[in-house]
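The block underneath contains the structure these notes are about, expressed in structure tokens.
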Amino acid sequence: MSTTGGATEVGTARRACAVAISVGLLAIGVALALASHVPYDPPFFFPALLLLPLYVIASRTALDFEFRQGSLSMTLTHLPLALGALVVAPGLHLAMRLGAVLVDSVLRRRLSPMKVAYNAGAAALEVGIVAVAVGAASGDGPGPVLWIALSLGFLLSDTVQVLSLQLVLVVLGQRLTRKEVLQPLTVVAFTTTVFAAAATVALSAAWTDPSSLLVTLILVVGLNIAYRGYRHQAAREQRTESLHAFVKRLAPFDMADPQAPVVLEQVRELLHSRRLDLALCTPKGQWQHLVATDEASRHVETRDLFDVAQEVASSGAPSLAGRGRSGESQRMATPLIASTGLLGVLTAQDRLGTVRGFDMSDLRLLETVGAELATAIERGRLLADLERAATTDPLTGLPNLSETTRRLAALLEENPEGVVLAAVAVDSFREVNDTLGHQVGDELLLEVTARLHRALPEAVLGRIGGGRFAVAAPATQAAEPEMFGLGLRAQVEGSAQIGAVGTHVRLSVGCVRAPEHGAEAATLIRRAETAMYSARHANGGPVLWEPAYEVKGQRKLAVVTALREALSGGAIGVAFQPKVDMTTGRVSGVEALARWTHPALGAIAPDEFIPLAEASGLMGPLTASVLRQSLTACKGWQRRAARVGVAVNVSADTVLDPGFVTQVASLLNAVGIAPDLLTLELTEGVVVSDAALAVVRMSELHALGVKLSVDDFGTGYSSLTYLKGLPVDEVKIDKGFVDGLSYDPADRAVVRAVVDIAHTLGLRVVAEGVEQEGQEGILRGLGVDEVQGYLHARPMPALEMGSWLRRREAARL
């Protein structure tokens, strides 16, 4: 048997039970009515047929009582009921009552057959109980005995009606709380007493003066109109207060927040709705539903709700459909519109109770609530976006450094036995970024992210900066740190097709293990990165962190901090080493070498602080300081050694800086020295970084009159073909080739080749690091133009350089 078929059979059985209850009420009512009699002989004639219109009119003038979870409607049928019980035969009275039920339920309200059956049974029982109660109170006319009889009859009949209605609702599957059962009985007890007293007074007056019935009828209608006006005003004030309280406590709304169902339940109670649906449109164009009912709050997604949301979203206007009191399902909906456009649709279905259905005032309330809710949703999304931006890397969608640190801390707390963490650097990222552009670089990072996810789907994964990632897993799930790192490299490294571009993913991996290498997340990430930087000099690693790395890292930080202070305080000095012409023996120029002695750190070698200056963005200020000092010193010794220029080393980033040419020109003008006395020594890396831009910048410098030299030629990306298109004046042979001249034929062959091609291109050749006369003799034989090294002089301060030049020139003469 299918689920749908089973549900249909259960529903049919429930309706059959409800009809059986209604038929039972009808049978009992008919039996009681036929067993009773008319106890009084009225002093006036009353046509029995008049009861039918009186019942119809009374059923349309009801007193409505609304509660939080439902409502109760008490019609004014007690007056014709009391009149009929006193002066009309019970059988005829019952017929008029049932006729009025049919007119009201079938012709006017068009209720379902099951509801018509119940109303007929309840009306018959009402007539039967009141007829029996009045028949037992025989007397000369209306009085205290009749009032007591009517009160008991009304109370009993109304109580039985309420309880039977609740029984039918339970049979049909509706759950009722204790409060929902007892609250209507309290209202019945009060209204029964009032109606019985009013009926007794009206009948007593009619017994004396029959025309007073008309006055009584007018009075009842007037009181009913006044009550309805009062109830409408009170309901409006209550609704305004409830709306104000709701808006006051309404916070930014997020569908995923655990408080979202609570907020929706508050809206449902405010609208007095049986079911409320909040449908939000997702970025993918789908609908996400949150539903609150009078039973529970839960997420659902049904075709019916989807159709309503689609219809209202398409029209962009509120809608009200169905008739609330006719048994037909009623629904009102409004679009949720914010500054960004349509957010969703809010739909209220079936007003609680049977007092009335939704009307235009409810629709206006729904629109107001919808507008406030739309604002709260927009604020919630804004806060979620801000939170996401604060914790998520916008490119990869991974946790950023702060969020990765938080998640790693949680992982450490959950796994006291240990955690393995790897810091992963994509070595090819910068190369791809610089050569193929940032878009390809970003796609490379996305590819690495996907591979890391596939490699360790359950691991804590985050992007901690640039092309660097952190990957952490419990020690129980990961191998030893080195094997963990090797596994990452094996699964992530390899060729990658980025669009139409083919590249290769290379990693450097540094590893730590908690708690051996630290107990705090931030410390572990820092130490893993320290090991990762060491892995770049160890073929990618993995490298396991050691305490010695911490000392090196602290040293680097101290040097960078001190360097920044030294540059601002002018504490960086310059030493000079001469270059000697191999033919004439004259000093052809001087190379400027940065020197720095810190009061606490001592003498710091250029090989240590210059790479740190490049990494920390201090190369520009350092180059400017060395240039200024070198040009000033050069101008000073022109009186002793005319036309002896100065050479200054500059980095690739400095040369490619668009403001560097202007800076050089300004310094030359400020010092007042001829541009051809300045030589800028560049490494081959300048051309490799950006060949086209390098040629432009070097041409601009050459146009100023500045000489250009290729330093350390043959140690980097060397190719003699680079020299052909570059505006350079000389090349410098690295000390590494000079050292092996006396015993290594290969070094002599390299130097001979460089000299031959450089001379063919019209360039001078300088050999640096010459320390022995034998080296100088070989270089002279190979045709080198100039030499530089300890053989002639060690680097010296500017004042000593001036004195040395004077002595050198005097000795030569």
Subject >> Entirely in the stretch 309-376, the strands (runs of 3 or more DSSP E) that have 1 or more residues that are loosely packed, with under 15 Cβ neighbours inside 10 Å and either modelled with pLDDT under 75 or small (Gly, Ala, Ser) (or both) >> reply: 319-321, 341-351
Subject >> The one condition in (1) of a type in the set (Val, Ile, Thr); (2) within 28 Å of ALA410 (Cβ to Cβ); (3) open to solvent by 10 Å² or more (accessible area, probe 1.4 Å) that THR503 fails to fulfil >> reply: (2)
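Yes or no, residue by residue, for (1) farther than 30 Å from LEU165 by Cα; (2) touching a residue at least 24 places away in the same chain (Cβ under 8 Å):
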{"site": "GLY344", "(1), (2)": "yes, yes"}
{"site": "ARG351", "(1), (2)": "no, yes"}
{"site": "VAL369", "(1), (2)": "yes, yes"}
{"site": "ARG379", "(1), (2)": "yes, yes"}
{"site": "LEU382", "(1), (2)": "yes, yes"}
{"site": "LEU386", "(1), (2)": "yes, no"}
{"site": "LEU401", "(1), (2)": "yes, yes"}
Subject >> the stretch 592-621 residues that are more than 30 Å from VAL644 (Cβ to Cβ), paired with ones that are of a type in the set (Phe, Trp, Tyr) (beta carbon under 6 Å, 6 or more apart) >> reply: none
Original post:
Take the residues of the stretch 524-544 that are farther than 20 Å from GLN491 by Cβ and open to solvent by less than 20 Å² (accessible area, probe 1.4 Å): which is farthest from the chain's Cα centre (by Cα)?
Top reply: LEU524
Original post:
Among the numbered criteria (1) under 30 Å from ALA691 (Cα atoms); (2) open to solvent by 10 Å² or more (accessible area, probe 1.4 Å), which single criterion is violated by LEU445?
Top reply: (2)
Subject >> Hits in the stretch 646-686 (condition: touching a Ser or Thr at 6+ places or on another chain (Cβ under 6 Å) and in contact (Cβ under 8 Å) with a residue 60 or more places away in the chain) >> reply: VAL646, ALA647, THR679, GLU681
Subject >> Residue list for the stretch 470-481, restricted to those being surrounded by fewer than 17 Cβ atoms within 10 Å (Cβ to Cβ) and over 33 Å from the mean Cα position of the chain (by Cα) >> reply: ALA479, GLU480
Original post:
When you go through PRO658, PRO621 one by one, which is the residue that is within 30 Å of ASP434 (Cα to Cα) and part of a loop (DSSP other than H, G, I, E, B)?
Top reply: PRO658
Subject >> Matching residues in the stretch 64-90 - criterion: being part of a loop (DSSP other than H, G, I, E, B), modelled with pLDDT under 80 and among the aliphatic types (A, V, I, L, M) >> reply: LEU76
Original post:
If you take the residues in the stretch 595-609 that are surrounded by 13 or more Cβ atoms within 10 Å (Cβ to Cβ) and out of contact with any strand residue (DSSP E or B) (no Cβ under 7 Å at 6 or more places or on another chain), which one is farthest from GLY569 (Cα to Cα)?
Top reply: GLU608
Original post:
So GLY802 fits all but one of (1) open to solvent by 20 Å² or more (accessible area, probe 1.4 Å); (2) modelled with pLDDT under 90; what number is the exception?
Top reply: (1)
**OP:** Report, by residue number, each residue of the stretch 334-374 that is farther than 25 Å from PRO283 by Cβ and of a type in the set (D, E, K, R).
**Re:** ASP350, ARG351, ARG356, ASP359, ASP362, ARG364, GLU367
Subject >> Which numbered condition ALA422 misses (of (1) in contact (Cβ under 8 Å) with a residue 24 or more places away in the chain; (2) part of a helix (DSSP H, G or I)) >> reply: (2)
Original post:
Which residue pairs have Cβ atoms under 6 Å apart, sit 6 or more places apart or on different chains, and have a first residue in the stretch 235-253 that is more than 21 Å from ASP359 (Cβ to Cβ) and a second that is open to solvent by 50 Å² or more (accessible area, probe 1.4 Å) and of a type in the set (Lys, Arg)?
Top reply: PRO252/ARG379
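The values are calculated or read from the model by the stated rules, or taken from the named source; none is laboratory data. What you are looking at is a predicted structure, and each value in this text was computed from that prediction instead of being measured. Because the Cβ atoms are built from the backbone with ideal geometry, glycine has one as well, and the counts that use them run over all protein chains shown. These accessible areas exclude ligands, DNA and RNA; they are computed on the full protein's heavy atoms, side chains included. Shrake-Rupley method; radii C 1.70, N 1.55, O 1.52, S 1.80 Å.
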